[in-house]
Amino acid sequence: MAIHGAFFEQEGYFVTLSNGQRDHYFVDSFIDPWKPRAEKQVLLIQPGFGRSARFWYHWIPALARDYIVIRRDLRGHGESSFPKRLSPWSEGASGKYENDYAWNIETICAEIVDFLDKLGIDKVHFLGESTSGQVGHAMAALHPDRIASLITFSSPTHLPEDKCRFLAMGQPSWPEAMVSLGSRAWAVALSGQAGTSPRQDQAYHEWWLNEVGKSAAEGLAGYAVFLEQLNTRPFLPQIRCPVSILAPTRSAAVPMEESQYAASHIPGAELKVVESPGHEIYVESADVCVELVRDHLANFGGSRGWSDRPRRA
């Protein structure tokens with residue numbers, strides 16, 4: 001019996017935000033359908049730089065039986081839109097974008113709030129991988145009414161100059177590297193460095209490269225401009241929701257000291273050290289991480305996710 005090719009490629013959904021940007025996302029839930037809507041908790045997964053929502057496919061069977069799991073493509077990633085750059089990339093953060101788009105943490109957080117409003121979701125458990133953990137820091141501090149709890153994976157609080165140079169792969173800057181090399185070639189260069197992408201399975205590695213390559217280079221470049229300026233350390237003492245920090249032992253991008261700093265400055269945060277050969281512990285140590293996330297959600301669950309109000313147009 002032949003199976004149509006579309007069966008193997010989940011399509012997802014789109015929502016247009018108030019600023020005109022378009023978000024692509026997946027939603028999976030196998031919660032018993034007769035359970036009250038108000039009891040269904042929502043987990044929002046935000047992948048790290050260069051990785052679309054598709055990278056978290058293998059987590060769905062372990063989580064969607066008990067939670068509504070939303071995987072959202074970041075701005076400029078996967079199938080989500082991005083603003084066109086109007087200035088040379090060499091101008092860095094001072095460059096201009098169409099419709100006066102501002103690549104800053106206020107914009108990124110406002111877009112997530114708008115996204116949740118459009119879907120009629122009051123509150124989520126926020127899972128941020130790598131630099132999306134920084135976005136989680138800001139969301140928890142700036143919009144505490146929307147964040148039930150926070151889980152970060154391999155997350156920095158800022159990217160020092162040496163890390164940005166590392167990500168530039170020999171080019172004048174990280175954003176310029178994305179544009180000049182292209183998304184896939186940049187991913188090839190990055191994956192050649194120890195402690196970065198998973199390399200144990202060559203077939204997975206090829207898929208990983210191809211998936212990074214599907215994101216537009218200009219979209220990733222804009223997000224890189226944003227990340228180069230982002231420092232979430234001032235937000236950490238303001239976070240009041242439950243926080244679990246999953247810290248890799250051998251990440252080339254995020255040393256253990258970064259995770260320890262976050263744990264010591266977020267009130268009540270729990271640090272979970274995860275033995276792994278590299279940065280992407282959600283793949284390389286998936287079973288351990290799944291159990292840690294399920295424990296976190298079991299301990300800090302109970303927050304209503306869905307609103308009774310209709311979705312915003």
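Values in this text are rule-based calculations from the coordinates and carry no lab data. In this text, all values refer to a predicted model and were calculated from it rather than measured experimentally. Methodologically, a virtual Cβ is constructed for each residue, glycine included, from the backbone with ideal geometry; neighbour enumeration extends over all protein chains shown.
With an 8 Å Cα cut-off and a minimum separation of 6 or more residues, compute the relative contact order for the range 125-171 in percent. It would help to have the intermediate numbers written out before the result.
Details: 57 pairs, mean separation 19.5, N = 47.
Relative contact order of the range 125-171: 42 percent.
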Inter-label distance, nm, simple model (7 Å from Cα along the C-beta direction), residue 291/residue 250: 2.0 nm
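What ranking, highest mean first, results for peptides 44-52, 111-119 when packing means the other Cβ atoms within 10 Å averaged over each residue?
Details: 44-52: 25.3, 111-119: 19.4.
For the peptides 44-52, 111-119, the packing ranking is 44-52, 111-119.
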Which of the peptides 136-146, 285-295 is most tightly packed, and how do the rest follow, going by the mean number of other Cβ atoms within 10 Å of each residue? 136-146, 285-295
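Taking the mean number of other Cβ atoms within 10 Å as a proxy for protection, how do you rank 72-78, 102-108 from highest to lowest? Let's see the in-between values first.
Working: 72-78: 25.9, 102-108: 17.3.
Top of the packing list down: 72-78, 102-108.
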Chymotrypsin sites (Phe, Trp or Tyr not before Pro) in the range 259-301 lying in a DSSP loop, each with at most 15 other Cβ atoms within 10 Å of its Cβ, come to none
Relative contact order, percent, of the chain when contacts are C-alpha pairs under 8 Å separated by at least 6 residues? 21 percent
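With all distinct Cα pairs included, what does the Kirkwood hydrodynamic radius of the range 220-281 come out to in Å, to one decimal, could you say? Spell out each step's value before the answer.
Numbers: mean 1/r = 0.0778 Å⁻¹.
Answer for the range 220-281: a Kirkwood hydrodynamic radius of 12.9 Å.
Helix-only estimate, please: 222 nm mean residue ellipticity of the chain, summing -39500 (n - 2.57) across DSSP H runs of length 4 or more and dividing by its residues, to the nearest 500. Kindly include the intermediate steps, with their values, before the conclusion.
Working: 11 runs with 109 residues, N = 313.
Computed mean residue ellipticity for the chain: -10000 deg cm²/dmol.
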Could you give me the ³J(HN,Hα) list for the range 237-246, computed from phi with Karplus coefficients 6.51, -1.76, 1.60 and θ = phi - 60°, whole Hz, x at Gly and Pro? x, 8, 6, 10, 7, x, 9, 10, 10, 8
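If contacts are Cα pairs under 8 angstrom and at least 6 residues apart, what is the relative contact order of the range 19-132 in percent? Please report the intermediate quantities before stating the final value.
Details: 162 pairs, mean separation 40.4, N = 114.
Relative contact order comes out at 35 percent.
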How far is the Cα center of the range 42-92 from the Cα center of the range 208-279, in Å? 14 Å
Please state the Cα pair-distance histogram of the range 110-170 with 5 angstrom bins from zero: what percent is in each bin? 4, 17, 23, 21, 13, 9, 7, 4, 1
Expressed in angstrom, Rg and Dmax over the Cα atoms of the range 80-208 are 17.0, 44
Could you please tell me the mean projected area of the C-alpha convex hull for the range 156-313, averaged over all directions and given in square nanometres to one decimal? 11.8 nm²
Total formal charge among the other residues, if their Cβ is under 13 angstrom from that of residue 95, Lys/Arg +1 and Asp/Glu -1: -3
